[in-house]
1. Rounded to whole Å and sorted largest first, what semi-axes of the equivalent ellipsoid does the C-alpha gyration tensor of segment 5-49 yield via the square root of 5 times each eigenvalue?
2. Going 7 Å from the Cα of Q67 along its beta-carbon direction, which residues of segment 11-33 have the amide nitrogen within less than 17 Å of the resulting point?
3. Find the eigenvalues of the gyration tensor of the Cα atoms of segment 102-215, then list the square roots of 5 times those eigenvalues as equivalent ellipsoid semi-axes, largest first, in whole angstrom.
4. Going highest first, how would you order 78-89, 385-396, 35-46 by mean Cβ packing within 10 Å?
5. Mind checking the log10 I(q)/I(0) for segment 44-141 at q = 0.11 Å⁻¹? Debye, one equal scatterer per Cα, no solvent, two decimals.
6. Quick one: angle between helix 387-399 and the longest Cα principal axis of the chain, in degrees between 0 and 90, rounded to 10, please.
7. When the label point is put 7 Å from the Cα of R29 along its Cα-to-beta-carbon vector, which residues of segment 69-87 have a backbone N closer than 18 Å?
8. Between Q332 and L347, with labels modelled 7 Å along Cα→Cβ, what's the label distance in nm to one decimal, could you check?
Amino acid sequence: MDLRFTDEERAFREEVRAWIDANLPAETRERMASGRTPTKAMQIDWQKRLYAKGWAVPHWPVEWGGQPWSAIKRFILSEEIQSTPAPSPLGFNCNMLGPVLIAFGTEEQKKFFLPKLASLDLWFCQGFSEPGAGSDLASLKCAAKRDGDHYIVNGQKTWTTLAQHADWIFLLVRTDPGAAKQQEGISFLLVDMTTPGITVRPIITVDGAHEVNEVFFDDVKVPVANLVGTENRGWDCAKFLLSNERTGQARVGASKERIRRLKLIAKEAPGGARPVMEDPRFRSRLTEVEVQLKALEMTTLRVLADENRALSQRKPNPASSVLKIRGTELQQAISELYVMAAGPYGLVSADPEADRWNEPEVAQDWQTLAQATYFNWRKQSIYGGSTEIQKNIMAKAFLGL
């Protein structure tokens, strides 16, 4: 595979940059450049702009809003959005649920949900993890019992990212508690978050942010029409979804942008101190991370080139585990470099009352954000399948162990 960019691809990159420069609102650009997450309104506004351009879901089939592009052009668009930085299309909608519906959904589900997922008219969250079912997701206990044309759902989900903003949730539930294997008794449901019986309770993370939640289901009625795929075969949907999620977690463009900004910061000397860029240990570690990031970029391109095969065969791509491990390791390494650059100025605590998704006025300098990001990103090697789980997948898929 020739991984050099062609003249056409370089021209496309310039087109993407020019369009983003002309269309990204200044307030959103400034907030993202400061290292903070976009507000809900910013996320929705930007995705609608991408959708109007036809760039929200270029990896989907053309009939559902995608583009007839190569994997390289899709990668270029994603990289430019991340490296600007601008908000990426909502992953729950575009990278997780959308491909699942395309592969497993009914025509009615596709027609109703896919346009709304792409345009962010509906905001979905992910209801997978439970208090006793994280890495061992197949042991989940949230149950759905069939009652005529409805399922009655009871149970709890936890670490539900941005559930406070979501209109709907895609949910793994146990529909056959007597199945011989745990994976064989699970189903995949789509649930309206306004349905009576749903309670969302915030979890404040170590960096003081409201990002994740507990979600409780008490006799929640869900139409059987909202079942995706076959009853008791939801594990097939889940594996396919997680493969797509892990591919997106490489975030090469975002890491490139953070390194670019880190280099500028490291050349400065807060308080008259010696610039950290003059520290040979810092420079050595920074160079090491950059080399590893380039290797990850090449690997990502190879995996994306095989994406259409995985979608057509409705099978997860085990190579996504490689991207998940290396991508999260490098993002964590970059967060450590920011803490090194901040030095003692990073010891100032973030405001525990600040909600970085909802309060654009909250002013936090990069030193404080460096510390908060470092602590928050310890989670990256856990969510979406822990590093240990990914290594098990790789051992089975690649080594036959």
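None of the figures in this text is laboratory data; all of them are computed from the coordinates on show. Just so it is clear, the model here is predicted, and its values are computed rather than measured. When we count neighbours, we look across all protein chains shown, and the Cβ atoms used for this are built from the backbone with ideal geometry, even at glycine.
1. Numbers: eigenvalues 126, 26, 16 Å².
The answer is 25, 11, 9 Å, longest axis first.
2. 11-24
3. Numbers: eigenvalues 99, 87, 34 Å².
Ellipsoid semi-axes (Å, largest first): 22, 21, 13.
4. Details: 78-89: 21.4, 385-396: 16.3, 35-46: 18.9.
The peptides rank, most packed first, as 78-89, 35-46, 385-396.
5. So the normalised log intensities work out to -0.38.
6. Helix 387-399 and the main axis of the chain meet at about 80 degrees.
7. Output list for this probe position: 79-87.
8. In this crude label model, Q332 to L347 measures out at 2.5 nm.
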